[in-house]
Each structure stands twice: as structure tokens, then as C-alpha cells.
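One structure is given here, and the rest of the page talks about it.
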């Protein structure tokens, strides 16, 4: 399970209508979940299609989880003696299509986008709410 945790929000909480802030966070987490899942699907190594078909996402208002249930998912994400992987910042190309690892780079990409996603949602809700 991979979770994004937000800290350092107290000043924002003190200055914002709690309902609007909660709505902003929930909308941001939902968008981040969908983006991370979409990137993970794009990055997913594809040979037979079993791995990409086993992928799932669980989104809620404060966190999200992206994973794959195929038996070989762990080797594509973390490597093995026969399955080399790159780093999160620079994944290694898979044999036919995709990269290894594939879920963590998607999460990393979205983590770096998170402040922009949040402020876009927050500004929209505060201005129009």
C-alpha cells in the first residue's frame, strides 16, 4: 500500500472554512489517485497483459492506494535476480513495453504535482463556494 500523507496544513485549516478545506482535500486526493493510477497503467510492463489487468486503485478523501494482484507484480516493482529494475526517478525499460518499477514512479510523479493540484482545487472551491 502506498499512501500520501499531508502535513503542515494547520495555518490553512485555521484560516479556512473547514467544510471547504475538507472538500478541497477530498477533490485533490481523488484527482491525485486517478492521475497516479493512469500513470501506473502507462508505465506498467506489458507482455501478456495479465499485470496491467490486475491493477487496482482505492481512493478516499485522505489517502489512496494503487496496486496490482498478479503474482509477478512484486518482481516488476521491486526486482529480482532475473528482473532488474531502475530507480523511482529513472525506471528501467521492460522487455516489450513499460518500465520497472512502474507504480512507485507514478506515485512519485503525482507527489511532485500535489501542491499544484491542491491549490487549483482549493482556489476554485474558495472562490466559487
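Observations, loosely collected:
- The angle separating the long axis of helix 18-43 from the principal Cα axis of greatest extent in the chain is about 20 degrees.
- Note: relative contact order over the stretch 24-128, using C-alpha pairs below 8 Å and six or more positions apart, is 33 percent.
- Among 119, 39, the order by Cβ neighbours within 10 angstrom, fewest to most, reads 119, 39.
- Look at 16, 28, 48 and count the other Cβ atoms within 10 Å of each Cβ; fewest to most, that gives 48, 16, 28.
- Sorted by Cβ neighbour density within 10 Å, fewest at the top, the residues 124, 63: 124, 63
- Seen against the Cα atoms of the chain and their longest principal axis, helix 103-128 is set at about 20 degrees.
Rule-based calculations on the coordinates, nothing more; no lab input. Since we're looking at a predicted model, the values are computed, not measured. Cβ atoms come from the backbone with ideal geometry, glycine included; neighbour counts cover every protein chain shown.
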